1. Given the options Ala237, Ala194, name the one that is surrounded by fewer than 17 Cβ atoms within 10 Å (Cβ to Cβ), assigned by TED's automatic domain parsing to the domain that holds Phe308, among the aliphatic types (A, V, I, L, M) and closer than 15 Å to Gly143 by Cα.
2. If a residue must be of a type outside the set (Lys, Arg), at pLDDT below 95 and more than 26 Å from Ala76 (Cα to Cα), how many such residues does segment 16-36 contain?
3. Confirm whether Ala205 is crowded, with 23+ Cβ neighbours inside 10 Å, farther than 16 Å from Leu138 by Cβ, more than 20 Å from the chain's Cα centre (by Cα) and hydrophobic (A, V, I, L, M, F, W, C).
4. I'm trying to understand the selection: among the residues of segment 233-257, which are within 14 Å of Gly144 (Cβ to Cβ) and part of a loop (DSSP other than H, G, I, E, B)?
5. Return the residue satisfying two criteria in turn: it lies in segment 279-298 and is charged (D, E, K, R) and in a loop (DSSP other than H, G, I, E, B), and of such residues it is nearest to Asn140 (Cα to Cα).
6. Please find, within segment 48-78, the residue that is nearest to the chain's Cα centre (by Cα) out of those that are over 25 Å from Val125 (Cβ atoms) and either of a type in the set (Phe, Trp, Tyr) or not assigned by TED's automatic domain parsing to the domain that holds Gly100 (or both).
7. Scan Ala113, Ala39 and give me the residue that is at pLDDT 95 or above and either of a type in the set (A, V, I, L, M) or closer than 25 Å to Asp362 by Cβ (or both).
8. Kindly list, by first and then second residue, each pair from a residue in segment 91-111 that is aromatic (Phe, Trp, Tyr) to a residue that is assigned to a helix (DSSP H, G or I), limited to pairs with Cβ atoms under 6 Å and residues at least 6 apart or on different chains.
Amino acid sequence: MDTRISRLGIRKVFTGRGDLTVEVEVYLEGSWGRAIAPAGASRGRHEVKYFPDEGIEAAIDAFNRWVEPSLIGMDASNQVAVDKKLEEVDGTWDFSKIGGAVAVATSMANVVAVANAKGLWPYQVIGGSLANTIPYPLGNTIGGGKHSRGLGPDYQEFLVLPYGAPDIYTAIYANMEVHREVGRLLAKEDPTFAGGKNDEGAWTAKISTDKALEVLTEAVKSVSKRLGIEIGIGIDAAASNMWNGKAYVYASEGRELGPRDHFERIKSIIERYNLIYVEDPFHEEDFQSFAELTALFKDRLIVGDDLFTTNPDRLTIGIREKAANAILVKVDQIGTVTRTHETVKLALSNNYRIVVSHRSGDTESGLLAHIAVGFGSPIIKTGIMGGERVAKANELLRIWDHLGGAAKMAKIK
């Protein structure tokens with residue numbers, strides 16, 4: 001089938017948070033693909049620029065004026081060439097001319113168009129015929145920090161990872177059961193708890209960081225015993241949002257901790273609650289503290305999100321400094337599927353684990369599941385509850401069925 005690009009389209013749509021974003025359609029001779037750019041509330045300083053300074057209208061104008069004319073006639077099956085053309089059209093590293101949202105939506109829509117043209121699934125286009133590993137879902141149960149408008153614990157996410165599940169259905173179900181159990185326990189702990197949830201579908205409650213971890217630990221023990229599988233817990237501190245330039249602000253506790261005291265606090269929490277996953281425990285320029293923590297906890301996942309922003313240059317620094325041992329991967333942070341793949345290859349060749357992730361302002365698209373399977377990610381950070389979160393979980397179930405007997409769960413431990 002002819003895979004030349006015949007035309008493209010763009011429109012304004014909304015994320016699950018109600019913010020405007022863009023959806024792009026790529027049309028070939030006989031097939032087409034569609035993708036939406038997700039959006040994050042907490043963005044690292046080193047991410048690509050989401051929209052041009054003038055906003056979404058300028059992004060759409062740039063698409064119509066420069067992107068579509070440049071891509072028409074290109075072979076969509078050459079993803080690298082399509083993505084490089086997006087870079088050439090923009091002319092800046094951070095896509096400040098056309099906007100990272102336009103770049104990522106176009107790049108991902110191209111993947112879907114090629115899959116449809118060839119009778120494949122998107123994960124097969126990304127990862128080839130050998131892509132058959134299903135990631136474990138990492139889910140957010142209690143929200144704090146910026147995602148909960150400062151009304152809960154100071155750390156942004158309290159996470160659950162069912163790494164002992166034998167299949168993807170059991171893993172997803174375990175996360176949902178933990179989420180439900182956490183809700184029941186929070187109702188007992190917080191008399192003001194009204195069942196509120198944040199942008200990612202995590203519970204919000206006026207409790208301390210330690211209380212959140214105690215509740216999550218109790219919920220995990222209950223569900224783990226009932227289902228007969230191992231379930232681990234973790235945090236995303238999103239510490240850059242706590243850092244004021246001199247100290248880490250623990251707003252819910254009404255105090256500040258200097259860098260050393262904050263380090264000891266993180267260390268103590270890992271040990272006390274047996275955390276297996278720790279994301280962004282320090283601000284995004286503190287490679288040294290990341291390295292020190294990684295050396296102390298070699299058997300835990302110390303993950304850089306704002307630290308790396310899916311950027312190979314930032315990851316190269318991390319590799320040199322031995323900072324973290326895993327990287328959060330978000331296609332929209334770097335702008336294209338090809339750039340993301342380059343970062344993934346760099347990470348894997350240096351023994352870093354990858355964790356493909358959603359954004360807080362995500363959409364109903366299930367494409368993230370294909371990206372995770374295509375890249376061979378052992379973990380996918382998707383949230384647990386809410387339509388835009390369940391969309392990824394359900395797509396993982398479909399991919400599992402599509403793979404049939406070839407499907408296997410990833411190895412984490």
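1. Ala194
2. First pass over segment 16-36, keeping only residues of a type outside the set (Lys, Arg): 16, 18-33, 35-36.
Right, trim to at pLDDT below 95 and you get 16, 18-19, 29-30.
Next cut, more than 26 Å from Ala76 (Cα to Cα) only: 16, 18-19.
Adding up the residues that qualify gives 3.
3. yes
4. Across segment 233-257, the qualifying residues are Ala237, Ala238, Met242.
5. Ranking the candidates gives Asp280 first.
6. Tyr50
7. None of the others qualify; the one that does is Ala113.
8. Phe95/Ala103
The values are calculated or read from the model by the stated rules, or taken from the named source; none is laboratory data. Everything quoted here is computed from the prediction, not taken from an experiment. Every residue, glycine among them, receives a Cβ derived from its backbone with ideal geometry; neighbour counts consider all protein chains shown.
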